[in-house]
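Everything below concerns the one structure shown next.
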Amino acid sequence: MKTGIRTLRVALIAAAAAVSLGAAAQTVRIANQGDALSMDPHSLNESLQLSVTGNVYEGLLSRGKNLELQPGLATSWRQVSPTVWRFELRRNVRFHDGTPFTADDVLFSFARAAGEGSDMKSYVNDFKEVRKTGDFTVEIETKAPFPILPEVMPLVYMMSKKWCEDNKATIPVDRRKGVENAASFRANGTGPFTVGERQPNVKTTFKLNPNWWGGKIEGNVTEVVYTPVANDATRVAALLSGQIDVMEPVPLQDVARINASPNARVMAGAELRTIFLGMDQKRDELLYSSVKGKNPFKDKRVRQAFYQAIDIEGIKRTVMRGASGPTALMVGPGINGFYADMNTRLPFNTDAAKKLLSDAGYPNGFEVTMNCPNDRYVNDGEICQAVAANLSRIGVKINLQAETKGTYFPKILKRDTSFYLLGWTPGTYDAHNALNALMRCVDDKGAGQFNLGSYCNPKVDELTQKIQSETDKPRRDAMIREAFKIHQDDIGHLPLHQQALAWGVARNVELVQLADNFMPFKWMSVK
């Protein structure tokens with residue numbers, strides 16, 4: 001641990017020196033278990049990535065402190081026909097390089113988000129056309145009525161067409177292929193902070209944008225130093241010793257110790273993210289399994305056996321230390337479309353799971369590789385270890401491949417996996433987002449983009465498209481229920497739990513904790 005602290009001290013020493021040169025500067029030093037993998041806002045649909053880059057880039061709409069929709073780069077929006085939304089753009093906005101923001105940048109950004117290499121396709125896959133009707137007016141026409149389209153807008157960030165063309169960054173950084181371009185390391189947004197120094201996996205410095213269209217930010221921070229620190233003990237020691245001001249996540253076993261410290265406290269709350277397991281249900285033979293010539297996950301009995309072999313209450317008690325909510329659904333409380341009466345898991349029953357496996361033709365179980373990150377979600381590596389131990393009791397040998405998210409995501413996002421763990425926060429806070437991204441049959445336009453096991457039920461697809469267009473709330477709710485019930489009955493995925501938020505924060509720092517785990521710098525203050 002001492003070596004880790006020395007490394008962290010080296011990473012932060014320059015920032016400390018800079019602060020000493022100007023009393024007016026207010027620096028916040030943040031340590032997270034992982035890094036934002038790119039500064040390209042369309043390269044990875046991951047909460048941490050979007051949270052970090054969301055301080056630099058902005059969407060047409062934004063979110064307030066209660067996650068309510070607010071104007072962003074658009075000042076107003078309205079539905080002018082069942083399939084057309086019109087957005088009036090904010091005038092006198094400039095990118096960080098001084099280039100004016102116009103409708104051309106909007107058209108370019110949506111095309112980029114929908115194009116090759118983009119990880120944001122599932123947000124725009126139902127767009128038919130984006131057109132401008134003036135320098136500061138754009139219309140989005142959808143393939144079918146899309147009443148919740150405004151909810152999509154905050155996470156599709158706008159980029160400068162000119163900057164991308166000048167810097168050969170018109171195509172997003174493709175994390176699946178390891179492709180990089182200028183947008184990986186540099187940024188040119190319209191947001192309240194600019195990117196100063198970028199050292200991937202070492203340190204990124206953000207500076208207050210004095211020319212932000214929003215004027216003076218609510219907080220008083222002028223600089224943010226973001227440092228990835230993978231080791232839990234090192235992050236905690238750095239917070240308690242005052243080397244950092246904010247850390248995320250807090251190891252659950254250290255919550256009481258931090259709260260007892262005179263220098264720091266833990267901000268805790270419910271998170272909207274659902275953690276789940278997925279299985280390859282498409283290939284005729286799994287890539288990484290002892291079973292040859294067939295795919296055991298195509299058999300519902302095998303999927304159900306895995307489900308019922310998992311001791312979710314044991315994981316809650318021993319791995320999550322009580323800081324999780326076991327779930328039977330792919331969305332949790334706080335998401336429109338979560339229904340508590342449907343949130344009943346199949347019972348944990350090892351004997352029943354063994355019988356299901358035997359009935360499916362695997363009385364002695366089988367081997368399969370499980371892919372898992374170890375620095376992305378709360379205790380993700382430990383969750384996978386616990387699942388592996390549970391499955392061993394029914395004869396399934398798990399070859400666990402746990403790795404840093406920097407190598408994990410590029411692997412699983414190209415579906416190079418047989419069995420995997422993932423977390424999902426619906427970016428629209430609506431069930432349609434999860435249905436569209438996680439449960440729809442996969443196509444090349446963005447539907448099912450994160451359905452990495454290729455679960456497919458045409459009835460779920462049909463309902464998802466109807467849910468998108470339905471304006472009558474009771475009918476829409478009934479369709480969401482039906483889609484979720486089909487997915488549950490199919491055992492399309494293995495939902496585990498909703499994790500809790502736990503941020504360690506210095507007592508002289510104030511910030512806003514959002515239920516989607518985003519961390520806006522503009523609301524931070526140093527007392």
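The values are calculated or read from the model by the stated rules, or taken from the named source; none is laboratory data. Worth saying up front: this structure is predicted, and the values here are computed from it rather than measured. Don't worry about glycine lacking a Cβ; one is built from the backbone with ideal geometry, like all the others, and counts go over all protein chains shown. The accessibility values were calculated without ligands, DNA or RNA, using every heavy atom of the protein model including side chains. Shrake-Rupley method; radii C 1.70, N 1.55, O 1.52, S 1.80 Å.
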Excluding same-chain residues fewer than 8 positions from K132, which lysines have a Cα within less than 22 Å of its Cα? K121, K143, K161, K162
Please name which of S118, N201, H96 has its Cα lying farthest along the dipole of the range 85-231 towards the positive end, using unit charges on Cβ (Lys, Arg +1; Asp, Glu -1) and the Cα centre as origin. N201
With every protein chain in place, the chain: carbon and sulfur % of accessible area (1.4 Å): 51
Inter-probe distance in nm under a simple model that places probes 7 Å from Cα toward Cβ, at I486 and K216: 5.5
Around A25 (Cβ within 13 Å, Cβ-to-Cβ, excluding A25; K/R +1, D/E -1) the net charge comes to +1
Cβ-isolated cysteines (cut-off 4.7 Å), the chain: C164
Taking a virtual spin label 7 Å from the Cα of N399 along the C-beta vector, which residues in the range 411-434 bring their backbone nitrogen under 14 Å of it? 417-419
Dipole magnitude of the range 405-527 about its Cα centre, charges +1 at Lys/Arg Cβ and -1 at Asp/Glu Cβ only, in debye to the nearest 20? 420
Which of the trypsin sites (Lys or Arg not before Pro) found in the range 18-125 are in a DSSP loop and have at most 15 neighbouring Cβ atoms, other than their own, within 10 Å? K65, R91
With x for Gly and Pro, the residue-by-residue ³J(HN,Hα) of the range 274-289, computed from phi through the Karplus equation 6.51 cos²θ - 1.76 cosθ + 1.60 at θ = phi - 60° and given in whole Hz, is 10, 9, 8, 10, x, 9, 5, 10, 10, 4, 6, 9, 5, 5, 10, 7
Positive-pole candidate from A360, T142, G504, dipole of the chain, charges at beta carbon: G504
Each residue of the range 449-455 in turn: what ³J(HN,Hα) in whole Hz from Karplus with 6.51, -1.76, 1.60 and θ = phi - 60°, glycine and Pro shown as x? 4, 10, 7, 6, x, 6, 4
How much mean residue ellipticity at 222 nm does the chain get from its helices, if each DSSP H run of length 4 or more adds -39500 (n - 2.57) and you divide by all residues, to the nearest 500 deg cm²/dmol? -8000 deg cm²/dmol
Classify the range 207-284 as rounded, prolate or oblate from the Cα gyration tensor: take a ≥ b ≥ c as the square roots of its eigenvalues, call it rounded if a/c is under 1.5, otherwise prolate when a/b beats b/c and oblate if not. oblate
Contact order normalised by length for the chain, with contacts defined as Cα pairs under 8 Å and 6 or more residues apart; what percent is it? 20
For the chain, with only Lys/Arg (+1) and Asp/Glu (-1) charged at the beta-carbon, what is the dipole magnitude about the Cα centre, in debye rounded to 20? 620
Difference of contour (0.36 nm per residue) and Cα-Cα distance, V202 to R475: 93.3 nm
With the other protein chains left in place, how much accessible area per residue, in square angstrom, belongs to the range 416-514 at a 1.4 angstrom probe? 29
Relative contact order for the range 37-159 using alpha-carbon pairs under 8 Å, separation at least 6, rounded to a whole percent? 32
Just name one of F409, H42, A256: the one whose Cα is farthest towards the positive end of the charge dipole of the chain (beta-carbon charges, Lys/Arg +1, Asp/Glu -1). A256
Counting Lys +1, Arg +1, Asp -1, Glu -1, what net charge surrounds A506 among other residues with beta carbon under 14 Å of its beta carbon? +2
Taking a ≥ b ≥ c as the square roots of the eigenvalues of the Cα gyration tensor of the chain, is the shape rounded (a/c under 1.5), prolate (a/b larger than b/c) or oblate? oblate
Once phi is turned into θ = phi - 60°, what whole-Hz ³J(HN,Hα) does the Karplus curve with 6.51, -1.76 and 1.60 give for every residue of the range 349-359, x standing for Gly and Pro? 7, 5, 5, 4, 5, 4, 5, 4, 4, 5, 4
R0 = 51 Å: FRET efficiency of D341 with T137, Cβ-based, nearest 0.05? 0.70
Roughly how many Å² is the accessible area per residue of the range 209-286, as a whole number, for a 1.4 Å probe? 38
List the trypsin sites (Lys or Arg not before Pro) within the range 219-318 that DSSP assigns to loop and that have no more than 11 neighbouring Cβ atoms inside 10 Å. K292
With contacts defined as alpha carbon pairs under 8 Å and 6 or more residues apart, what's the relative contact order of the range 44-109 in percent? 17
For a quick check of your reading of the filter: which chymotrypsin sites (Phe, Trp or Tyr not before Pro) in the range 276-352 sit in a DSSP loop and have no more than 15 other Cβ atoms within 10 Å? Y339
For E197, enumerate residues with amide H under 5 Å from its amide H, sequence gap 5+ or separate chain, H modeled in the peptide plane. T205
Amide H neighbours of N399 at under 5 Å, excluding residues fewer than 5 places away on the same chain, with H built from the backbone geometry, are V368, T369, M370
Under 16 Å from the Cα of K207 - lysines, other chains or at least 8 residues apart: K216, K522
Distance in nm between pseudo-label sites at T407 and A144 (7 Å out along the Cβ direction from Cα): 4.3
